[in-house]
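The values are calculated or read from the model by the stated rules, or taken from the named source; none is laboratory data. If you're wondering where the values come from, they're calculated on a predicted model, not measured in any experiment. So basically every Cβ, Gly included, is an ideal-geometry build from the backbone, and we count neighbours across all protein chains shown. Please note that ligands, DNA and RNA were not included when accessible areas were found on the heavy atoms of the full protein model with its side chains. Shrake-Rupley method; radii C 1.70, N 1.55, O 1.52, S 1.80 Å.
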Amino acid sequence: MAAARNRLAPLDYVEEAIAGAALLVVIFATCWGVVTRYITEQPATWSGEVAGIGFAWLVFVGAAAGVKYGSHIAIDMLVVRLPGPLRRGLMLAADALVLAFLATLLVLSVQFSIDAWGDPTSVLRLPRTVTYSSVVVGSLCMLVRFARAAWRRWRGHSAAWLTMAAPAGAEL
Amino acid sequence: QEIKIRFAHSLSASEPAHQAAEFFARNVAARTHGKVQITVYPAEQLGSGKDVNEMIRQGANVMNITDAGYLSDFVPDVGVLNGPYLVQKPDDYEKILASPWFKGIEKKLDAAGFKLIMANGYFGQRHLLANKPVREPADMAGMTVRVPPNTMWIETFKAMGARPTTVNWSEVYNALQQNVVQAAEAPLGSLWGSKLQETRKYISLTGHFTAFVMWPINAGFFNKLPKDVQQILVEEGDRAGKEMTRLTLASQQDYLAKFKAAGVTVVDDVDIPAFQKATASVYKAFPKWTPGLRETVLSTLH
Amino acid sequence: MIELLPAFLMFGLFAIDIPIALAIAIGALSFFIMADGLPLRMFVQKFVQATDSFPLLAVPFFVCAGSIMNHAGITRRLLNLADALVGHMMGGIAQANVVLATLMGGLSASANADAAMQAKMLGPEMVRRGYSAGFAAAITACASVITPIIPPGIGLIIYGYLADVSVGRLFIGGVIPGLLLCASLMVAVHLVSRRRGYKPLRAQRASLPELGRATVQATGALSIVAFILFGIREGVFTPTEAGAMTVVYATLVGALWHRELKWEAAPKIILETVLATSAIMIIICAASAFGFYMSWQRIPVRAAEALVHLTRQPWLLLLLINLGLIVVGMLIEGTAALILLTPILVPAVTRLGIDPLHFGLVMVVNLTLGGITPPVGTMMFTTCSILRVKIETFVREGWPFMVAMFAVLALISVFPPLVTWLPTRLMGP
Ligand code: NA
Ligand code: NA
């Protein structure tokens, strides 16, 4: 059991790795676009396009990492004022809805990514699937993260909702 | 039963392209006694031009104002119509549209999901706005020119000897004002609409692209419409195209007068043949095109 | 009424504590499920669309730059200087925050980029020095409203394009309103700080030698400001590109000049940037899919059309439009609202004799304020995400600032010369 967990451990950081790499790509591509305007014979015309693709990966895969770190914000005006059992019921319903949404998003993004194969980007002529597949990976990772947390709540191990897990003002 | 069609585009509501779209919507409503209702959505309200094309391809019930360059993403050969110095006059373009070659292109577009309601709307020639007159390619040597992120533009301006760079259109005013780029290019109406004459004082009438717009709608949706409605849409599309050409030609002189009044020098003695020669190589930069495509198209003019 | 179902659904989901991004996205998706002639999977295109917006790239850039400055000790040096300058005032750092946003206004065209950078850079420091996180988030978001009003500003460019008004005039017209917003916030900060007991950090003004020492120590930090200023003014890069270049420059200053930035900090900086950027952008992405639903159904357009037919009194129309825009600004992102409504409202107001230059500033200020009003406000989301503050807390702490800024909006609505005098003076009638 422990050994299996260790082998899977790198998977726990897959979102951070992908989104972090995407961030570096976005920064590098944009800077390269600026630098080549001055030092090379022709400016790099692909830089904006690559930055845009990297941005999508940064956002959608990063959002999955955000589930793990509790960095998404919510408004909980109603829930906190409800009595215990009702509150628990509402939270489980909310969990179910979120999981259903993420599963739908996963299916739709797979369909859309396949359809976008025939739609090339403007400069590099890559299939726009390179952008839209970020939602496939992102929604899949989010689904896994939310499902784990929802399962813990269902079993009553954790009463806290995922968002705002850290105290206000704390630095990550 | 009512048929609702949403007609999206990325231009501002003051441009002839939008007025032609409204003209079309009114005429279709009148001729179908209000059965077909077309609502025009200007200024990217339903997404960028490229995104709306993708919506159409995927079966959404929308129309778009687009051009051959965008549609060449799906049928490469149509892109030749966007090539530099291909035709100069709207009449020549009409001849190409009437040719068997274009009928073949329309079939291919249809198969890709795009039924063309209109293809003959003259959008105007694209000219260069810079801080000095440009009369021949040598005047453009090493000039950093803002272009849209599109292979045709990038190849054309490289061939002219310039340094094309892809600054976002929303930042183009700032980019010119603060000298990130030295020049920008667009039809007169777009240059005026974005107030770029506040940043540069020379417009050289390079006319490097002669632009026409096309109105696609999803082919599957179109084929399911009643036959009489189909006919009305196509006929009114053609009329609206001619109306747009008329409006554009009329507005060109207005714009030139406005630019001059705003203190802009209009350079009209541009050596077009020299630019034409310089950009001939661009037609070889598209490996997906049928060989000899430019010659095929030009032969339809005779 | 069925057309409003997605909006009601979204509000319902806000109340049961679903993350805001998902609540908005589920509302938008419900529209795609009900809509005729729109394939369901198009939702994905609209959800992703905002990441294709070049100006929004400024968000990760400035978040990253802010994070680097924190880890490299640059922020600390800059704040020591701020202390020396305004530390004797009530709510010193909060005042510095407002002034910085106004200065950044001369460089950056985007409120969101400014909110991201200042929240990342100044927010934690404010909390460390005894301000509540909610106060820090609120003042940072409110101050960022000033940035796009002081030229250059994206909103003014878009308005100029759509309403056929000179962008140069709009830019100059924004100077006085921008400075008024700055002044009103500084007064509000002073009053709130006095009531809260946010004491001055020092009893009296810093002595000249002290000020000199702080300035010398902050030279590296100040060189970053100079770098951005020089780069944009000299046209080396665009305001968005400036963000990416600032990341590189701040890294060089931290690693080579101050020698405080270590390799070990890199994963932390990247993770902080990824989490803050994605938390902000996923909400903006969802809001843009929701905005598509509103556009498709022409909801704001129909409301605006109904509104302009209500009266022929210019001042009453302006009041009604302002109220309407506040409601719109609560629900959709400012730029989207600007694009939708400018073509409808401008002809209506000019017919009644209102100067479109004056109206432009009223409209842009109003819709930019929409970024700090709940439930949907991008700058609010940005600072709340970065400082981990709840929306309720934000509103509780931020209302005095909002009141101050809406008062300025009322002022420039009522007195057109506040907008039109300077452009006429400098550019002729
Ligand atoms: Na600004
Ligand atoms: Na708002």
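Pick from C:207, C:184: which is away from ligand 2 (no atom under 16 Å from the Cβ) and surrounded by 21 or more Cβ atoms within 10 Å (Cβ to Cβ)? Full working, then the answer.
On the way: C:207 fails: surrounded by 21 or more Cβ atoms within 10 Å (Cβ to Cβ).
Just a single option satisfies the conditions, and that option is C:184.
Given the structure, is residue C:217 open to solvent by 60 Å² or more (accessible area, probe 1.4 Å) and modelled with pLDDT of 85 or more? Even if it seems obvious, please write down each step before you answer.
Working: open to solvent by 60 Å² or more (accessible area, probe 1.4 Å): yes; modelled with pLDDT of 85 or more: yes.
Here the answer is yes, as residue C:217 does meet what is asked.
Is it true that residue C:222 is open to solvent by 40 Å² or more (accessible area, probe 1.4 Å), assigned to a helix (DSSP H, G or I) and farther than 30 Å from residue C:35 by Cα?
Values: open to solvent by 40 Å² or more (accessible area, probe 1.4 Å): yes; assigned to a helix (DSSP H, G or I): yes; farther than 30 Å from residue C:35 by Cα: yes.
Criteria met by residue C:222.
So that you can scan it fast, the table gives a plain yes or no per residue for (1) assigned to a helix (DSSP H, G or I); (2) touching a residue at least 12 places away in the same chain (Cβ under 8 Å); (3) farther than 27 Å from residue B:165 by Cα:
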residue	(1), (2), (3)
A:14	yes, yes, yes
A:20	yes, no, yes
A:32	yes, yes, no
A:45	no, yes, no
A:49	yes, yes, no
A:63	yes, yes, yes
A:98	yes, yes, yes
A:101	yes, no, yes
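Could you list, ordered by first residue, the pairs with Cβ atoms under 7 Å in which the first is in the range B:37-53 and under 26 Å from residue B:2 (Cα atoms) and of a type in the set (Val, Ile, Thr) and the second is open to solvent by 10 Å² or more (accessible area, probe 1.4 Å) and in a strand (DSSP E or B), at least 6 apart or interchain?
Pairs that qualify, where the first residue is under 26 Å from residue B:2 (Cα atoms) and of a type in the set (Val, Ile, Thr) and the partner is open to solvent by 10 Å² or more (accessible area, probe 1.4 Å) and in a strand (DSSP E or B), are B:39/B:6.
Pick from the range C:141-174 the residues that are under 13 Å from the mean Cα position of the chain (by Cα) and outside any helix (DSSP H, G or I): which of them is nearest to ligand 2 (Cβ to nearest atom)? If you could, list the steps in order and put the result at the bottom.
Start the filter on the range C:141-174 by keeping residues that are under 13 Å from the mean Cα position of the chain (by Cα), which leaves C:141-150, C:153-155.
Within this subset, residues satisfying the condition of being outside any helix (DSSP H, G or I) are C:145, C:150, C:153.
On the way: C:145: 11, C:150: 21, C:153: 18 Å.
Only one residue fits best here, namely C:145.
What residue, of C:105, C:73, C:66, is under 17 Å from the mean Cα position of the chain (by Cα), among the small types (Gly, Ala, Ser), modelled with pLDDT of 80 or more and away from ligand 2 (no atom under 16 Å from the Cβ)?
Numbers: C:105 fails: modelled with pLDDT of 80 or more; C:73 fails: under 17 Å from the mean Cα position of the chain (by Cα).
So the residue among C:105, C:73, C:66 that is under 17 Å from the mean Cα position of the chain (by Cα), among the small types (Gly, Ala, Ser), modelled with pLDDT of 80 or more and away from ligand 2 (no atom under 16 Å from the Cβ) is C:66.
Scan the range C:210-233 and give yes if some residue there is within 14 Å of chain B (Cβ to nearest Cβ) and under 26 Å from residue C:138 (Cα atoms), otherwise no. Write out each step before concluding.
Going through the range C:210-233, the residues within 14 Å of chain B (Cβ to nearest Cβ) turn out to be C:228-233.
Checking which are under 26 Å from residue C:138 (Cα atoms) leaves us with C:228.
Yes: one or more hits.
One residue is enough: does the range C:112-120 have a residue meeting the conditions in contact with a Gly (Cβ under 9 Å, 6 or more places away or on another chain) and surrounded by fewer than 24 Cβ atoms within 10 Å (Cβ to Cβ)?
No, the range C:112-120 contains no residue that is in contact with a Gly (Cβ under 9 Å, 6 or more places away or on another chain) and surrounded by fewer than 24 Cβ atoms within 10 Å (Cβ to Cβ).
Exactly one of (1) open to solvent by 30 Å² or more (accessible area, probe 1.4 Å); (2) within 13 Å of chain C (Cβ to nearest Cβ); (3) not in a loop (DSSP other than H, G, I, E, B) is unmet by residue B:103. Its number?
(2)
Looking at this structure, is residue C:99 under 27 Å from residue C:268 (Cβ atoms) and either open to solvent by less than 20 Å² (accessible area, probe 1.4 Å) or more than 16 Å from ligand 2 (Cβ to nearest atom) (or both)? Explain how you work it out, then say what you get.
On the way: under 27 Å from residue C:268 (Cβ atoms): no; either open to solvent by less than 20 Å² (accessible area, probe 1.4 Å) or more than 16 Å from ligand 2 (Cβ to nearest atom) (or both): yes.
It is false that residue C:99 is under 27 Å from residue C:268 (Cβ atoms) and either open to solvent by less than 20 Å² (accessible area, probe 1.4 Å) or more than 16 Å from ligand 2 (Cβ to nearest atom) (or both).
Of all residues in the range B:132-157, which are in contact with a Ser or Thr (Cβ under 6 Å, 6 or more places away or on another chain), buried (at least 23 other Cβ atoms within 10 Å of the Cβ) and not in a loop (DSSP other than H, G, I, E, B)?
Correct list: B:154, B:156.
Here are A:94, A:56: which of them is over 22 Å from residue C:56 (Cβ atoms), within 7 Å of chain C (Cβ to nearest Cβ) and of a type outside the set (Phe, Trp, Tyr)? Give the derivation first.
Values: A:56 fails: over 22 Å from residue C:56 (Cβ atoms).
Residue meeting the stated conditions: A:94.
So which residues in the range C:107-129 are within 12 Å of another protein chain (Cβ to nearest Cβ) and within 16 Å of ligand 1 (Cβ to nearest atom), if there are any at all?
Answer for the range C:107-129, where residues must be within 12 Å of another protein chain (Cβ to nearest Cβ) and within 16 Å of ligand 1 (Cβ to nearest atom): C:107, C:108, C:109, C:110.
Does any residue of the range C:32-55 turn out to be within 16 Å of ligand 1 (Cβ to nearest atom), within 13 Å of another protein chain (Cβ to nearest Cβ) and touching a residue at least 60 places away in the same chain (Cβ under 8 Å)?
Yes, the conditions are met somewhere in the range C:32-55.
Quick check on the range B:166-183. Is at least one of its residues open to solvent by 10 Å² or more (accessible area, probe 1.4 Å) and over 26 Å from residue C:58 (Cα atoms)?
No, every residue in the range B:166-183 fails to be open to solvent by 10 Å² or more (accessible area, probe 1.4 Å) and over 26 Å from residue C:58 (Cα atoms).
Conditions tested, residue by residue: (1) farther than 24 Å from residue C:8 by Cα; (2) at the interface with another protein chain (Cβ under 10 Å from one of its Cβ atoms); (3) within 15 Å of ligand 2 (Cβ to nearest atom).
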site: C:384; (1), (2), (3): no, yes, yes
site: C:402; (1), (2), (3): yes, no, yes
site: C:413; (1), (2), (3): yes, no, no
site: C:416; (1), (2), (3): yes, no, no
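Every residue, every condition in (1) buried (at least 22 other Cβ atoms within 10 Å of the Cβ); (2) within 16 Å of ligand 1 (Cβ to nearest atom), yes or no:
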| position | (1), (2) |
| --- | --- |
| C:85 | no, no |
| C:88 | no, no |
| C:131 | yes, no |
| C:137 | yes, no |
| C:152 | yes, yes |
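Which ones in the range C:381-402 are within 20 Å of residue C:272 (Cβ to Cβ) and not basic (Lys, Arg)?
Of everything in the range C:381-402, those that are within 20 Å of residue C:272 (Cβ to Cβ) and not basic (Lys, Arg) turn out to be C:381, C:382, C:383, C:384, C:385, C:386, C:387, C:389.
For the range C:154-173, which residues satisfy the criterion of being farther than 19 Å from residue C:337 by Cα and either open to solvent by 10 Å² or more (accessible area, probe 1.4 Å) or within 9 Å of ligand 1 (Cβ to nearest atom) (or both)?
If the condition is that a residue be farther than 19 Å from residue C:337 by Cα and either open to solvent by 10 Å² or more (accessible area, probe 1.4 Å) or within 9 Å of ligand 1 (Cβ to nearest atom) (or both), then C:166, C:168, C:169, C:171, C:172 are the ones that fit.
Kindly indicate which of C:398, C:370, C:360 is more than 23 Å from residue C:291 (Cβ to Cβ) and buried (at least 22 other Cβ atoms within 10 Å of the Cβ).
On the way: C:370 fails: more than 23 Å from residue C:291 (Cβ to Cβ); C:360 fails: more than 23 Å from residue C:291 (Cβ to Cβ).
The unique qualifying residue is C:398.
Take the residues in the range C:310-357 that are polar (S, T, N, Q) and open to solvent by 10 Å² or more (accessible area, probe 1.4 Å), then tell me which one is nearest to ligand 2 (Cβ to nearest atom). If you could, list the steps in order and put the result at the bottom.
Within the range C:310-357, the first condition is being polar (S, T, N, Q), and the residues that meet it are C:311, C:313, C:322, C:335, C:342, C:350.
Narrowing further to those that are open to solvent by 10 Å² or more (accessible area, probe 1.4 Å): C:311, C:313, C:322, C:335, C:350.
Values: C:311: 25, C:313: 28, C:322: 15, C:335: 13, C:350: 27 Å.
Of everything passing the filter in the range C:310-357, C:335 is nearest to ligand 2 (Cβ to nearest atom).
Starting from residues that are open to solvent by less than 30 Å² (accessible area, probe 1.4 Å) and among the hydroxyl-bearing types (Ser, Thr, Tyr), keep the ones in the range A:134-172 and report whichever is modelled with the lowest pLDDT.
A:163
When the range B:41-83 is examined, which residues are found to be within 18 Å of the chain's Cα centre (by Cα), aliphatic (A, V, I, L, M) and not in a helix (DSSP H, G or I)?
Scanning the range B:41-83 gives B:43, B:63, B:65, B:75.
Kindly establish whether residue C:177 is within 16 Å of ligand 1 (Cβ to nearest atom), more than 14 Å from chain A (Cβ to nearest Cβ), part of a loop (DSSP other than H, G, I, E, B) and touching a residue at least 24 places away in the same chain (Cβ under 8 Å).
Working: within 16 Å of ligand 1 (Cβ to nearest atom): yes; more than 14 Å from chain A (Cβ to nearest Cβ): yes; part of a loop (DSSP other than H, G, I, E, B): no; touching a residue at least 24 places away in the same chain (Cβ under 8 Å): yes.
Considered against the rule, which asks whether it is within 16 Å of ligand 1 (Cβ to nearest atom), more than 14 Å from chain A (Cβ to nearest Cβ), part of a loop (DSSP other than H, G, I, E, B) and touching a residue at least 24 places away in the same chain (Cβ under 8 Å), residue C:177 comes out as no.
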